[in-house]
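Enquirer: Quick one: the structure is below, and I'll ask about it shortly.
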Amino acid sequence: MEYKKDWIKILLFCFIAVPLVKMSTIVLTPNNNLPLNHNNVGLSINEFENLNSDIEVLFAGTSHMESAVSPMQIYQDEGIPTYNIATPLQSMIVTRYFISECFDRGMHPKVIVIDVGSLFLRDVREAQFRYVADTVKLDKNKLTLIYEYEKAIKDERYDAADISESGSRIFREYIGFLFPLYKYHSRWDSLNMDDFSKQHNRYYFMQGFVGEASMDGTQINTDLIKWEEQVIEENQSRYKYFYNGKEFSLEKAKIQTEPSYYFDIDTRNIECLKEIKEICERNNCNLLLVKIPVMASPKSYDSSWTMARSTNVKMVSNELDIPFVDMLFDVDLGLDWNHDTFDGGYHLNFAGAEKATKFLGKYLVENYDLVTKRNSEYDAKLELYDKYAKIAGIEMTYDFPEYLHKLNEYSNELEIYMSARDDMSTSLTDEDITALKDIGLESDFGNMELWDSFIAILDKGNVICEGVSNRRQTYKARVGYNDVELKSSGDTDVSLSSILINGREYSMDLRGINIVVYDKESGLVIDRAVCDTWSEEHEVKHDIEDEFNEYEEYLLGRGH
Amino acid sequence: MGFTSLVFIAFLMIVVLIYFQFKKNQWIILLIASLIFYLTWGVEKLPFIFLSSFVAWTAGRIIGQKYEENDRLIADLRNGNEEYVTDGDYKQKISKAKKKSRSYARTITIIAVIVLCMLLIYAKVGELFLEFMSLDSKVNIIVPLGISYYIFSLIGYVLDCYWRKEEYEKNFFKLLLFAIYFPKIIQGPILKCRNLIGQLTDVHEYKYKNLCYGVQLMLWGYVKKLVIADRLAIFVDTVYADYIHKSGSVLLVASVLGAIRLYCDFSGCMDIACGFSEIIDIKLERNFNHPFFSESASEFWRRWHITLGVWFRDYIYMPVSTAPRMMKLIGRIKKRSGMSVAKNIGTIIALYVVWFLTGLWHGIKVSFIVWGIYWGSIIAASVLLLPVYKRIAGKLKINTDSHEWHLFRKIRTFFVFVISMIIMIPENIKVSLSIFKRIIIKFYPWELVDGTLFDMGLNRPNFIVAIVFTIVLYLVSRYEERYGMVRDYIASRQIIARWLILYALLFSIVIFGIYGPGYDPSSFIYMNF
C-alpha cells in the first residue's frame, strides 16, 4: 500500500512537471514568427501545418522561391489555391520532407514546383533544418528528416577516428531536435515579450510568400552572370570585371573571401530529386523544376545563377524526364534589375515577385490541368492581402508623378505630410506639377524660387495646410489623432525638413520633397519618401523597412 | 558517460529499477552497472582496474591467510600448553611466529603497494616520459579513469589488512566492486573498504525517504555543477586563456570565481555520487563540509576533500610521525632542544612529506609540488607561529571572539585558497607568477564596475545568475553551519513546499544549466587528477 502511495506521488510529480517543461519549451524555442524579411518561416510552416484547404500547387525551394512567388496573387489572378513552402537555404532533404508531409496529410496538389537552387546546396547548415524541425509536429516524416540531417552532417563533420565523439554529439543533437528545450534553454537571457505571448496565425495571409517592399539595384551587372567568361582583377578595395570590353566593379566588402561556387549538382541531391519524383508519381502529381531569376556574380554569391548551372540542370531534367523552366535565361519576365530586387540581385522584391508570380501562374494554368476553385480560407485572406499589396505598391513606386497618383488614389484613407529641404523647384517637371495639383495642392509650383521652403498637409484628400515661402516655415496642428509639427527651410545654412508626428521624427530630411504617409486605419506611418526634384533625374526614394514590418504586424493582428 | 549527460540519468533510472527488483543479487547488479559505466569510458581502461584490484585482493588474501594461520598456531599452542603464561620457551615460540607472520605480511604489503604505486606512476608520469623521450607521437599512454582514487583506496585496503584493521575480502569481485563502484570512480570520495564494502554487498530495501533525499541531493549537485561551476568556467577559462592581455583586477576576479567554480564543480560531483548512493541506501562519506567557512588552513583541509586528507593522515602522516627513525630523531632533538621543539620538528617533517605527496597526487608538475609546499608551509607556519599570533592579538587588543575577527579569518583562509588556485590551475608556474605580478602591478579597480567583466565570455545576465546562485549556495551553507542539514528542514515542511523546492531546483538546472549540443558532458576538473 505504502509502495503504491509512493508511486502515485512520483507520477504526480512528473505529471505536474510535464506542462511546466512544455511551457518552458514554448517560451524558449524561437518561434521565427516575426514578419521581418525571412524570419517568418515559423509563421509559414505553422500555417502549412494547419492548412485545411486542398491546394492545387505547392512551391518549394530556397529564399529565392520564398520571395518570388505569391500564392495569394495566383489566387487573385487565376483563382487557384497554392502554397509556398520555401524556406531559406532549403535543402532537398527538407523539400522531400514537406512533399511527403503534404501527401501524408491527405493533400492532393496537382503540381509541385521546385526551385533548382536547392540542387546546388552542398553544405549542411543547422539553421536550414532547425527552421523546419523546431516548428513541425513530431511524426514519422520529421524523424526521417532528423535522421537524414544527422547522416549528412556525420559524413561532413567527423572522420573515422572520432566515432565515439561523433556518436555522443549526434545523440545530443538528436535530443536537441526532439526536445527543443535541450537546445534552446540558454535563450533565457535574450527573451522578450514576444516570446511570452504565443504568436498566432489567425490573420496570416501570405501563404508562405515573403514580400519585401524595398529596392536596391546597386551592384548589378547583368553581364557578370557569365562567370566563365570573366576576367577579374583586384585592387585594394574593389574587384574589377572586364566583360565584352566593358569594365565593371564590385566592392570587396561585398565579396566572400572563399567563394564556394559549384557548377555541378551534388549527387545526393540528384538522388533526393529522384525520390521526390517517385513520391509525386505515386500520388499522381506533376513535378516542375524552375529557376527563379537571380542576378549576381558567383564571386559574390554562391547561389547565383549561371549558364553553366542552367545547362547542368537541363541535362538532369532531361535524364529524369522532369520539365524545367529557366526563368532567367529562357523566359523574359521583363524584370528591371534596378528596381525589382531588394538586395542587389540576390532576391526579387515585391515588384519583381509580381512579375515572376504572374508568369508562373499563367504557365501553370496553361500547362497543367488546374481547376479554378473558390476557397473560403483564401477568400477570407484576400482583403488583408489587398491592403498589403496596396501599401507595398505605394512603397515600391519610384516614378514621382506615378507615386503621387497612387497616393491620390488612396487619399481617403491617408494623411500625407510634405516638407521640402534645400531646393525642390529646380527640376520640377510639368508632369510633376500636374501630379501635385491632382492630389489637391494649389501652390504655384511653376514659379517657385530657388531654395523656397514648402510644407503641406493633406487629410483624407483635403488640404489642411499648404505654403511656399522664401523663409523658413513651421506649422503645428492636430490632424486626426495626431499632433504634428512640420518644418521646412531652403536656406543653405540651415536647410532642413522635419515632419514630427506625436513627437517622433519621420522626415528623411534630404534635399527635395520629403513625404510621410500615414495610414488612418492602422494608425501607422506606412511610407517615408523623398524625391530630389532639384536634380534632373529624380526618383522617389523610400526608407520604410521598420514601417513595412509594423504594417505587416498590424495586418497579422498583432500590436495596435 | 559523464555525470551530466542525459544517458547517465537514464542509466541511473534503469539501475535503480533493476536494483530493487533483484534484492538477492544487488551487489552483482551494482558490479555490472559499474563495469558498464567504466566501459563507456573505453574498454582499454578496464584491465588496469582489474589488475589493481587483483593485486590488492591477492595481497589482502595472502596477508589475511597468513595472519589466520598464525592465529591458529597461537591458539594451538595455547590449547596444548596450559602453563604457557610462565613457560619462556612457549612465549618465545609465539613471539617468533608473530614476528614471522608480520615480516611475511610486510613483504607482501610492500610488494603490493609498490605494484599499485607503479600503476599510479605509470598514469601520472607516462605521458611526460614519452614526451621526454620524444615518443609521444608514436605511443599512446592509456590513462585509466579515476586511477588516483581507486589506487589510493586499494593501497589503504592492503595497509589496513597488514595492520589488521581490516578483514581481508575473500571474494575478488566484491573487492572489485569496492574499487569500481561507479558513483565514486570519477572523483572519489576515497573510502575505506570496511566502510563501504559491507554496504555494497548488503541487501537494501527501497525507501521513499531515501529516494527523496537522494534526488534532492543530486539536483543540488547538478545546480552546483551545471548552473554555477560551468557558468563561471566560461569566464574563468576565457580570462586565464588570455591572461597576458588581462588586467590584475580581472585576473583577481577570475581567480576568486575560479575558486568558487572549483568548489562547485568538485562538491557538485560528490553530491551527485552521494545522492545516487543514498537512493539505493548506501551512505558515502562526506568529502566537503563548507570549506569556505574555515578559519585556518588546517581547518580548511579538514573540510575540503576530506577523504583525501583522512587517507594522507592515516597512511602517510601517522606512519611517518610514528616511524622508529622519526622517533629516534625526535628523541635526539628532545635531548638537545627540549620537548616542544622536538614535537614541532616531527610534526613539520610529517606535514611536508604529506603535502609534497599531496602535490604529486595531483600530477607530476612543478606547480603541483610548489602548491604542496605552499600548503605545507602555511599549515606549518600556523602551528609554529600560533603563540606569536596570540601575543600580537593580545597586544593589539583584538577580541578574538568577535564576529568580525571570525569573518576576517574566513576571508583570509579563502584568499589563501585562492592563491593556491593561482599556483595550481595555470599550465605552469611561470604563468602563475605572471598572474601574481599582474594582479599586483596592473590592478585597475574601475574595470570591476565599468562592464569590462561582461566582455569575457559571460554577459551581464549570466553573471547575475551565477552570483544569485552563489548567494543561494552561501545561504544554504550558512544555515547548515548554524542549524544542521537543510534537507532535514525541507523534509519537515509540507509537501507543497517540498515539491516547490524540488521544482525550483529542477527548473533552475533545465533553464539555467550549461548543457546541450556543444557542451562537453564529460568534464569534471578533479577527474584529471
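The values are calculated or read from the model by the stated rules, or taken from the named source; none is laboratory data. Source: prediction; values computed, not measured. No Cβ is skipped: glycine too gets one built from the backbone with ideal geometry, and neighbour counts run over all protein chains shown. Side chains are part of the model used for accessible areas, which takes the heavy atoms of the whole protein and leaves out ligands, DNA and RNA. Shrake-Rupley method; radii C 1.70, N 1.55, O 1.52, S 1.80 Å.
Enquirer: How compact and how long is the range A:299-363, expressed as Rg and Dmax of its alpha-carbon atoms in Å?
Expert: My reading of the Cα-based Rg and Dmax gives 13.2, 37 Å.
Enquirer: How long is the gain from residue B:74 to residue B:121 if the chain were fully straight, where each residue apart is worth 0.36 nm and the alpha carbon distance is subtracted? Spell out each step's value before the answer.
Expert: Working: separation 47, 0.36 × 47 = 16.92 nm, distance 4.00 nm.
Extra length from residue B:74 to residue B:121 when fully extended: 12.9 nm.
Enquirer: On to the next question. At a probe of 1.4 Å, how much accessible area disappears from chains A and B on forming the pair, both sides counted, to the nearest 100 Å²?
Expert: Values: alone 25700 and 26660 Å², together 50100 Å².
Chain pair A/B: roughly 2300 Å² of buried accessible area.
Enquirer: Still on this structure, I have one more. Averaged over every viewing direction, what's the projected area of the C-alpha convex hull for the protein assembly as shown? Give it in nm², one decimal, please.
Expert: Details: hull surface 251.7 nm².
Mean projected area of the Cα convex hull: 62.9 nm².
Enquirer: Still on this structure: Which of the pairs A:137/A:381; B:45/B:124; A:151/B:225; A:277/A:358; A:110/A:362; B:96/B:170 have their Cα atoms more than 21 Å apart in this structure? Please list the in-between numbers first.
Expert: Working: A:137/A:381 25 Å; B:45/B:124 14 Å; A:151/B:225 32 Å; A:277/A:358 26 Å; A:110/A:362 15 Å; B:96/B:170 27 Å.
With Cα atoms farther than 21 Å apart: A:137/A:381; A:151/B:225; A:277/A:358; B:96/B:170.
Enquirer: Let me see the pair-distance distribution of the range B:376-450: every alpha carbon pair, 10 Å bin width, integer percents in order.
Expert: Values per bin, smallest distances first: 15, 31, 32, 21, 1.
Enquirer: Please work out the Kirkwood hydrodynamic radius for the range A:1-111, using every pair of different C-alpha atoms, and report it in angstroms with one decimal place.
Expert: Details: mean 1/r = 0.0596 Å⁻¹.
Result for the range A:1-111, one decimal place: 16.8 Å.
Enquirer: Based on the mean of other beta carbon atoms within 10 Å per residue, what is the order of A:327-339, A:106-118, B:422-434, A:289-301, most packed first?
Expert: Working: A:327-339: 15.7, A:106-118: 21.8, B:422-434: 17.2, A:289-301: 24.1.
Highest-to-lowest ranking by the protection proxy: A:289-301, A:106-118, B:422-434, A:327-339.
Enquirer: Given the C-alpha centroids of the range B:359-414 and the range A:281-343, what is the distance between them in whole angstrom?
Expert: Result: 77 Å between the Cα centres.
Enquirer: Efficiency by 1/(1 + (r/R0)^6): what FRET value for residue A:329 and residue A:22, r their Cβ-Cβ distance, R0 = 45 Å, to the nearest 0.05?
Expert: 0.35
Enquirer: Of the DSSP beta bridges with both residues in the protein assembly as shown, give the percent that are antiparallel, rounding to the nearest 5.
Expert: Here the share of antiparallel DSSP bridges comes out near 80 percent.
Enquirer: Something else: List the trypsin sites (Lys or Arg not before Pro) in the range A:467-560 that DSSP assigns to loop (not H, G, I, E or B) and whose Cβ has at most 16 other Cβ atoms within 10 Å. Which are they?
Expert: Values: sites: A:471, A:472, A:476, A:478, A:487, A:504, A:511, A:520, A:528, A:541, A:558; in loops: A:471, A:472, A:511, A:520, A:558.
When the trypsin sites (Lys or Arg not before Pro) of the range A:467-560 are filtered for loop state and at most 16 Cβ neighbours within 10 Å, A:471, A:472, A:520 remain.
Enquirer: If you take the beta carbon distance between residue A:546 and residue B:489 as r and set R0 to 60 Å, what does 1/(1 + (r/R0)^6) give as a FRET efficiency, to the nearest 0.05?
Expert: Numbers: r = 54 Å, r/R0 = 0.90.
Here the calculated transfer efficiency is 0.65.
Enquirer: I want to make sure I understand the PRE zone here: with the label point 7 angstrom from the Cα of residue B:446 toward its beta carbon, which residues in the range B:251-265 have backbone N atoms less than 19 Å away?
Expert: Once the point is set 7 Å along Cα→Cβ of residue B:446, B:251-253 turn out to lie under 19 Å by backbone N, inside the range B:251-265.
Enquirer: OK, next. Using alpha carbons only, how many degrees (0 to 90, rounded to 10) separate the axis of helix A:400-409 from the longest principal axis of chain A?
Expert: Relative to chain A, helix A:400-409 is tipped by roughly 80 degrees.
Enquirer: Moving on. Taking the square root of 5 times each eigenvalue of the Cα gyration tensor, what semi-axes in Å does the equivalent ellipsoid of the range A:373-441 have, largest first? Walk me through the intermediate numbers first.
Expert: On the way: eigenvalues 217, 25, 23 Å².
Rounded to whole Å, the semi-axes are 33, 11, 11.
Enquirer: Quick one: Debye curve from the C-alpha atoms of the range A:373-524, no solvent, what's log10 I(q)/I(0) at q = 0.09, 0.14, 0.17, 0.19 Å⁻¹?
Expert: Ignoring solvent entirely, the Cα scatterers give -0.30, -0.67, -0.95, -1.17.
Enquirer: Helix A:140-157 versus the longest principal axis of chain A: what angle, 0 to 90°, nearest 10, using Cα atoms?
Expert: Long axis of A:140-157 versus the principal axis of chain A: about 90 degrees.
Enquirer: Where q = 0.14, 0.16, 0.22, 0.28 Å⁻¹, what log10 of I(q)/I(0) comes from the Debye formula for the range A:497-549, counting one point per Cα?
Expert: At q = 0.14, 0.16, 0.22, 0.28 Å⁻¹ the computed log10 ratios are -0.36, -0.47, -0.80, -1.11.
Enquirer: Same structure again: Tell me, Kirkwood radius of the range B:224-278 from alpha-carbon pair distances, in Å?
Expert: Details: mean 1/r = 0.0849 Å⁻¹.
Value: 11.8 Å, from the Cα pair sum.
Enquirer: Right, next: Normalise the Cα radius of gyration of chain B by 2.2 N^0.38 Å (N = residues in it) and let me know the number. Numbers along the way, then the final one.
Expert: Numbers: Rg = 25.7 Å, N = 529, 2.2 N^0.38 = 23.8 Å.
Dividing the Cα radius of gyration by 2.2 N^0.38 Å gives 1.08.
Enquirer: Calculate the spin-label point distance for residue A:366 paired with residue A:77, positioning each point 7 Å from the Cα along the beta-carbon direction, and give it in nanometres.
Expert: It works out to 1.2 nm between the two label points.
Enquirer: Quick one: pull the percentage of alpha-carbon pairs in chain A with a separation above 47 Å.
Expert: Summing the P(r) tail past 47 Å for chain A gives 22 percent.
Enquirer: Per DSSP H run of n ≥ 4, the term is -39500 (n - 2.57); total these for chain B, divide by its residue number, and report the mean residue ellipticity at 222 nm rounded to 500 deg cm²/dmol. Intermediate values should be presented prior to the final figure.
Expert: Details: 23 runs with 376 residues, N = 529.
Taken over chain B, the calculation gives -23500 deg cm²/dmol.
Enquirer: Return P(r) of the range A:35-99 (all Cα-Cα pairs; 5 Å bins starting at 0; whole %; ordered from short to long distances).
Expert: Histogram of Cα-Cα distances, whole percents per bin: 4, 17, 28, 28, 18, 5, 0.
Enquirer: Could you tell me the calculated FRET efficiency between residue B:323 and residue B:455, based on Cβ-Cβ distance and R0 = 51 angstrom, to the nearest 0.05? Can you show the working numbers first?
Expert: Details: r = 55 Å, r/R0 = 1.09.
With R0 = 51 Å, the Cβ-Cβ based efficiency is 0.40.
Enquirer: Same structure, new question: Roughly how many percent of the accessible protein surface of the protein assembly as shown is carbon and sulfur, given a 1.4 Å probe and a whole-percent answer? Mind dumping the intermediate values first?
Expert: Values: 28540 of 50100 Å².
For the protein assembly as shown, the apolar C and S fraction of the accessible surface comes to 57 percent.
Enquirer: Could I ask something else about it? Mind checking the per residue accessible area of the protein assembly as shown for me, 1.4 Å probe, whole number of Å²?
Expert: Details: 50100 Å² over 1089 residues.
Per-residue accessible area for the protein assembly as shown comes out at 46 Å².
Enquirer: Would you mind computing, in nm to one decimal, how far apart the modelled labels at residue A:123 and residue A:137 are, each placed 7 Å from Cα along Cα→Cβ?
Expert: 3.5 nm
Enquirer: Return the unpartnered cysteines for chain A, using a Cβ-Cβ cut-off of under 4.7 Å.
Expert: A:14, A:102, A:272, A:465, A:531
Enquirer: Tell me the angle of helix A:163-178 to the major Cα principal axis of chain A, expressed in degrees between 0 and 90 and rounded to the nearest ten.
Expert: With rounding to tens, the tilt is 60 degrees.
Enquirer: I want to check the label-to-label distance for residue B:430 and residue A:502. Put each point 7 Å from Cα in the C-beta direction and report it in nm to one decimal.
Expert: If labels sit at residue B:430 and residue A:502, their model points lie 6.5 nm apart.
Enquirer: If you don't mind, another one. What 222 nm value per residue comes from the helices of chain A, counting each DSSP H run with n ≥ 4 as -39,500 (n - 2.57) and dividing by all residues, nearest 500 deg cm²/dmol? Let's see the in-between values first.
Expert: Working: 17 runs with 211 residues, N = 560.
Rounded to the nearest 500, it is -12000 deg cm²/dmol.
Enquirer: For the range B:418-468, go through all pairs of different Cα atoms, get the mean of 1/r, take its inverse, and jot down that Kirkwood value in Å.
Expert: Details: mean 1/r = 0.0784 Å⁻¹.
Radius from the Kirkwood sum: 12.7 Å.
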